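The next block holds one structure in the form of structure tokens; read it before the comments.
The values are calculated or read from the model by the stated rules, or taken from the named source; none is laboratory data. Just so it is clear, the model here is predicted, and its values are computed rather than measured. Glycine also receives a Cβ, built like all others from the backbone with ideal geometry; neighbour counts cover every protein chain displayed.
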Amino acid sequence: MSERENDLITGRKARGRPRAWDDKSGQNTIKSLDRAMAVFEHLSTQSGVSLSGLSDQTGESTATLYRILFTLETRGLVEFDQAQQLWHIGPAAFIVGARFLRRTSLVERARPILRELMEQTGETANLGIQKGDQVLFVSQVETHASIRAFFPPGSLSPLHASGIGKALLAFMPDTQCEKILKSSKRERFTSYTLCDAALLKDDLLHSKARGFSIDGEEKNLGMRCIAAPVFNHYGEIAAGLSISGPTSRVTKDKIESFGSAVMNAAEQLTSALGGEPLIETSDR
């Protein structure tokens with residue numbers, strides 16, 4: 001008798017996974033649910049899309065899509081704009097995301113540090129984590145200035161064209177960084193974007209040496225970002241912390257002082273998470 005059959009007879013409950021469960025994706029995947037989640041994830045990247053437009057983008061039939069969207073709508077995960085005839089991500093998606101963020105103390109512990117950094121530099125302070133070959137922004141404290149950078153929580157930005165992204169790349173294990181650089185498509189956003197692997201690697205070496213990375217108009221012209229890594233209690237890179245603002249305020253002569261402020265903030269958050277900074281710089 002298998003362990004799984006014995007559990008069924010004795011009435012023992014499986015806590016995480018059923019015992020002796022063969023972990024085969026084809027066996028354990030609910031295909032209709034997997035298809036619905038793929039549609040949901042795709043919709044989350046759009047600012048509003050029609051049923052026919054979503055069909056063109058996903059390759060699913062409109063009939064299948066409507067059943068999926070209607071089911072998700074009943075849960076508040078998507079919503080339909082009757083006037084414009086467009087489907088959008090729904091408010092329940094934010095609630096679920098917020099519950100995920102409460103799983104970790106990262107965002108909660110970062111908040112006062114981000115606020116202090118914003119007050120110290122006068123620029124918007126950001127917190128981001130790695131999501132594949134992109135940065136997922138999870139928290140932000142905006143500057144009081146009228147002209148500001150804006151990366152609302154949930155926004156994504158490519159690692160190679162982001163201050164936080166380059167901080168994550170610079171301080172992650174070399175094998176992990178190399179794997180990402182080989183598999184990612186480095187889109188050019190401005191004439192300053194580092195698409196060439198050799199140039200990007202050189203920039204990452206400089207970032208690691210000084211302890212912070214610089215996004216010099218590499219994603220958006222006229223905007224500069226300075227970022228540093230945050231480590232967890234395992235010594236692993238957990239997040240990146242940055243300030244961002246227009247080049248008219250975040251001028252080249254302020255890079256060193258702002259970089260020092262960002263590194264200090266990142267070290268504070270690392271300590272708050274029970275970690276120790278793994279930064280070895282040439283001048284610190």
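What's the total number of residues in segment 180-198 that are part of a helix (DSSP H, G or I) and within 16 Å of V135 (Cα to Cα)?
Looking only at that region, the number is 3.
Can you confirm whether segment 71-89 contains a residue that is under 30 Å from V230 (Cβ atoms), touching a residue at least 40 places away in the same chain (Cβ under 8 Å) and not hydroxyl-bearing (S, T, Y)?
For segment 71-89, residues under 30 Å from V230 (Cβ atoms), touching a residue at least 40 places away in the same chain (Cβ under 8 Å) and not hydroxyl-bearing (S, T, Y): present.
When you scan segment 161-169, do you find a residue that is in a strand (DSSP E or B), farther than 20 Å from N232 by Cα and under 17 Å from the mean Cα position of the chain (by Cα), even just one?
no
Residue by residue through segment 217-258, note down the ones that are surrounded by fewer than 20 Cβ atoms within 10 Å (Cβ to Cβ), over 19 Å from the mean Cα position of the chain (by Cα) and under 22 Å from Q130 (Cβ atoms).
Residues satisfying the conditions are H233, Y234, G235.
Against the condition assigned to a loop (DSSP other than H, G, I, E, B), closer than 28 Å to L43 by Cα and small (G, A, S), how does A145 come out, does it pass?
Judged against the criteria, A145 is not a match.
Do you know which of the residues in segment 187-201 that are charged (D, E, K, R) and in contact with a helix residue (DSSP H, G or I) (Cβ under 9 Å, 6 or more places away or on another chain) is surrounded by the most Cβ atoms within 10 Å (Cβ to Cβ)?
K201
Can you confirm whether I243 is at pLDDT 95 or above and in the same structural domain as I113 (by TED's automatic domain parsing)?
Against the criterion (at pLDDT 95 or above and in the same structural domain as I113 (by TED's automatic domain parsing)), I243 qualifies.
Let's see how each residue does on (1) part of a helix (DSSP H, G or I); (2) closer than 29 Å to G274 by Cβ; (3) modelled with pLDDT of 95 or more; (4) touching a helix residue (DSSP H, G or I) at 6+ places or on another chain (Cβ under 8 Å):
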| site | (1), (2), (3), (4) |
| --- | --- |
| S47 | no, no, no, no |
| E60 | no, no, no, yes |
| G76 | no, no, no, yes |
| A83 | no, no, no, no |
| F100 | yes, yes, no, no |
| I113 | yes, yes, yes, yes |
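Kindly establish whether L72 is assigned to a helix (DSSP H, G or I), in contact with a strand residue (DSSP E or B) (Cβ under 6 Å, 6 or more places away or on another chain) and either surrounded by 12 or more Cβ atoms within 10 Å (Cβ to Cβ) or in the same structural domain as V138 (by TED's automatic domain parsing) (or both).
Criteria met by L72.
Kindly list the number of the only condition in (1) over 20 Å from the mean Cα position of the chain (by Cα); (2) of a type outside the set (S, T, N, Q); (3) surrounded by fewer than 17 Cβ atoms within 10 Å (Cβ to Cβ); (4) not in a helix (DSSP H, G or I) that fails for F150.
If we test F150 against (1) over 20 Å from the mean Cα position of the chain (by Cα); (2) of a type outside the set (S, T, N, Q); (3) surrounded by fewer than 17 Cβ atoms within 10 Å (Cβ to Cβ); (4) not in a helix (DSSP H, G or I), just (1) comes out false.
For segment 171-193, indicate whether the set of residues that are aliphatic (A, V, I, L, M) and at pLDDT 95 or above is non-empty.
no
Yes or no: A227 under 25 Å from R115 (Cα atoms), modelled with pLDDT under 95, part of a strand (DSSP E or B) and assigned by TED's automatic domain parsing to the domain that holds G163?
So A227 fails the test.
Look through segment 199-219, keep the residues that are assigned to a loop (DSSP other than H, G, I, E, B) and either touching a His at 6+ places or on another chain (Cβ under 6 Å) or in contact (Cβ under 8 Å) with a residue 40 or more places away in the chain (or both), and return whichever of them is farthest from A149 (Cα to Cα).
G211
Could we say that E280 is exposed (fewer than 15 other Cβ atoms within 10 Å of the Cβ), at pLDDT below 95 and either in contact with a strand residue (DSSP E or B) (Cβ under 6 Å, 6 or more places away or on another chain) or not assigned by TED's automatic domain parsing to the domain that holds A149 (or both) here?
yes
Would you confirm whether or not segment 108-119 contains a residue that is of a type in the set (G, A, S), touching a Leu at 6+ places or on another chain (Cβ under 9 Å) and under 26 Å from C177 (Cα atoms)?
Within segment 108-119 (the criterion being of a type in the set (G, A, S), touching a Leu at 6+ places or on another chain (Cβ under 9 Å) and under 26 Å from C177 (Cα atoms)), the answer is yes, since at least one residue qualifies.
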